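Presented below is the structure to which this report refers.
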Amino acid sequence: MTAPFRSVLIANRGEIAARILRTVQAMGMRGIVVFHAIDRNTPAVLLADAAVEIDGPTPVAAYLDGPQIIARAKAAGAEAIHPGYGFLSENAGFARAVAAAGMAFVGPTPEAIELMGDKARARDFVAERGFPVAPSAIEDDDPATFVARARAVGAPLLIKPSAGGGGKGMRIVRDLALLEDEIARARSEGERYFGDGRLYAERYVEQPRHIEVQVLGDAQGNVVHLFERECSIQRRFQKVIEESPSPALTPEERDAICEIAAGIARSVAYRNAGTVEFIYGQGAVYFLEMNTRLQVEHPVTEAVTGRDLVADQLRIAAGQPLGFAQDDLAITGHAIELRLYAEDPARDFAPTTGPVLAFRPAPGVRTDAGIVAGGQISAAFDPMLAKIVVHGADRADTIARADAALAQTVLLGCVTNNAFLRRLLADPDFRAGQFHTGTIAEKPELLPDPPLTDAARARILGASALSLRAVRDAADAVPPLHAAIGTWRNL
Amino acid sequence: MKHIFTIDGERADAWLSGHKGSYRLLYDGGACAVALTPAATGDGAALLHIEGQSVSVVLAVAGDQVWVHIDGAAHAVILHDPVRFLGAGDDAAASGTIRAPMPGTVIAVATEPGAQVQAGDTLMVIESMKLETAIKAPRDGVVATVTFAAGQSFDRDAVLVTLEGED
């Protein structure tokens, strides 16, 4: 099969830019990346066929500057732009501008992005077509009417700002007597965070699980699902561990939820890769939202289905058909993705930064990384450094492999959540598949590192004291020893 | 001479005594012979010989800080200057020096020099790695200095705000 394009520009950074680049180059295409100066020493920039510098008032602003990126793509001769996730990936205006500039946007149509990007509109669209949504109330003009509508939805109730995201301003109301007070507080937070006090209320599912289904659609109208991912292990509404398949679903429930997702994708004539997200709990499943992009956790789906989703995206963007049908897809084994974050779990997951003094991924394990040794971890972007993706015969085998991979992943120079991830994997509830989106918050005992044993402290002290001594001895040594000292200087 | 280290923020005292090319590690829990054999790869990998065992480690040194990957986990070890370490009984809440808990950027400043504040008042909102954090007054007082303006970046432990007087 011929490559769908001659060259593709990747309008993103970090691990996803490097991951997309690998597929672009493996398919025989020229891979071009844009980068802000702060990212000069990152895998995507180091491995790209061409790297084009972009600038802006802040590093984030540079990656959000659609016109600048389109101009760079044109100048570099790119035939397509892959936006990755975040940044410009769900920006309908950017998708239109890419097409207007004569290039292919590797993503869905602007219309699909707009429809699904408006959560209230998407929810109504889905509900009108008979798919399950949680009972809800939307505030339009009259606050008093909203209170009545919210009361009618019943407790427990989740109130959130209409304009919101990232969990800001969200409140759970279990006692309807407190409804008006909680609405006032949520409105105040909405105004403060988003400059918009309008609210949205929906039935709250206690101990909810977050389950999502990967879908693919092509320009010929073919739509398939690639089964589900479970993404319930979260801290601060951000996912930490994802897996496929979900340990929560029966085969019948899996069939049902995947069919709903594919049906929603068909109903919007969805093209390219997307994800339909659901809240699952107490035997019910409700549509949450559809993400019109490649997701961070797509590798677990790739692991269990054997597909390269970026390759599929590129072919679809070039107008080629999927080339396979639903019956050609099956789940093989189990996969887990671990997000390695620059953060300190013991300090309430506070971000950490620092130089990457050493980085060595676990051998034989897929690690999608956005860092290299010699690089720098900056506070300008989100704290995800790498994704460790393990595939095993079954869930227990995969958990064992995941723990081993974490133990073998070396990252020195910055505090990470590596040890916390290992404690999560060892947690009996996690191993039993009994968890929900609030599980990390309910287990504060997992956050701090346990005290070191005397033997462990002696080992760490011995290694540290000797390496400091070696560095100082080397600094004091005379020139003929330089060759031997070189090794020690690296310690 | 005893050295003061911290391992992952916890104090640990130790020192090496050398004799004819080999070392003994003396620490609070005891003493033992130690040696380190760096791998030929020159990438920080080494074998630590301790208590009759050889253990794989990966090491990186940056100034007085050592990062150690051992037994499947990474540890940050800092060698402290004892005079400064033992003299640094600085309690931020008492002194009124409010330092950055992490590197980041100022999103909003909610106070100004001369303002009277109460414990718990938000003085500043910062962002680091897309996480917003409110910097709050540790005690009642009057704001003496506000070091950064909205949009400016700072490193961890940078002084963000000071309150007048020492409690």
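Residues that are among the charged types (D, E, K, R) and buried (at least 22 other Cβ atoms within 10 Å of the Cβ) were ranked within segment A:1-54; the one that is nearest to the chain's Cα centre (by Cα) is A:GLU15.
Criterion applied to A:VAL24, A:VAL33 was being within 17 Å of A:LEU294 (Cβ to Cβ) and without any contact (Cβ under 8 Å) to a residue 60 or more places away in the chain, and the one residue passing it is A:VAL33.
Scanning segment A:149-204 for residues that are assigned to a helix (DSSP H, G or I) and under 28 Å from the mean Cα position of the chain (by Cα) yields a count of 7.
Based on what the data block shows, is A:ASP308 surrounded by fewer than 23 Cβ atoms within 10 Å (Cβ to Cβ) and either outside the structural domain of A:CYS231 (by the TED database) or at pLDDT below 95 (or both)? Here the answer is no, as A:ASP308 does not meet what is asked. Candidates are the residues of segment B:114-143 that are of a type in the set (Gly, Ala, Ser) and within 26 Å of the chain's Cα centre (by Cα); the one that is nearest to B:SER95 (Cα to Cα) is B:ALA137. The number of residues in segment B:100-136 that are more than 8 Å from chain A (Cβ to nearest Cβ), more than 17 Å from A:GLU189 (Cα to Cα), touching a Lys or Arg at 6+ places or on another chain (Cβ under 8 Å) and surrounded by 15 or more Cβ atoms within 10 Å (Cβ to Cβ) comes to 2. Checking each residue in segment A:241-273 for being touching an Asp or Glu at 6+ places or on another chain (Cβ under 9 Å) and part of a helix (DSSP H, G or I) picks out A:ARG254, A:ILE257, A:CYS258, A:ALA261. Taken over segment A:411-462, the criterion of being small (Gly, Ala, Ser) and within 14 Å of chain B (Cβ to nearest Cβ) is satisfied by A:GLY413, A:ALA419, A:ALA426, A:ALA455, A:ALA456, A:ALA458, A:GLY462. Selection of segment A:1-37 for residues being at pLDDT below 95 and of a type in the set (A, V, I, L, M, F, W, C) yields A:MET1, A:ALA3.
Of note, B:PRO82 does not satisfy the criterion of being modelled with pLDDT under 90 and surrounded by 15 or more Cβ atoms within 10 Å (Cβ to Cβ). For segment B:137-158, a tally of residues being outside any strand (DSSP E or B) and either surrounded by 20 or more Cβ atoms within 10 Å (Cβ to Cβ) or away from chain A (no Cβ under 14 Å) (or both) returns 6.
The listed residues are A:ALA104, A:ALA73, and the only one of them that is in contact with an Asp or Glu (Cβ under 8 Å, 6 or more places away or on another chain) and buried (at least 19 other Cβ atoms within 10 Å of the Cβ) turns out to be A:ALA104. Name the residues in segment B:29-68 that are more than 7 Å from chain A (Cβ to nearest Cβ) and among the acidic types (Asp, Glu), would you? Selection gives B:GLU51, B:ASP64. Reported count of residues in segment A:128-149, each being in contact with a Ser or Thr (Cβ under 9 Å, 6 or more places away or on another chain) and free of Cβ contacts under 8 Å to residues at least 60 places away in the same chain, is 1.
From the list B:GLY120, B:GLY104, B:GLY165, B:GLY96, the one residue that fits, being at pLDDT below 90 and under 19 Å from A:PRO57 (Cα atoms), is B:GLY104. All of (1) closer than 30 Å to A:THR416 by Cβ; (2) away from every other protein chain (no Cβ under 14 Å); (3) free of Cβ contacts under 8 Å to residues at least 12 places away in the same chain hold for A:GLY333 with one exception: (3).
The values are calculated or read from the model by the stated rules, or taken from the named source; none is laboratory data. This is a predicted model, so every value here is computed, not measured. Note that each Cβ is placed from the backbone with ideal geometry, even for glycine, and that neighbours are counted across all protein chains shown.
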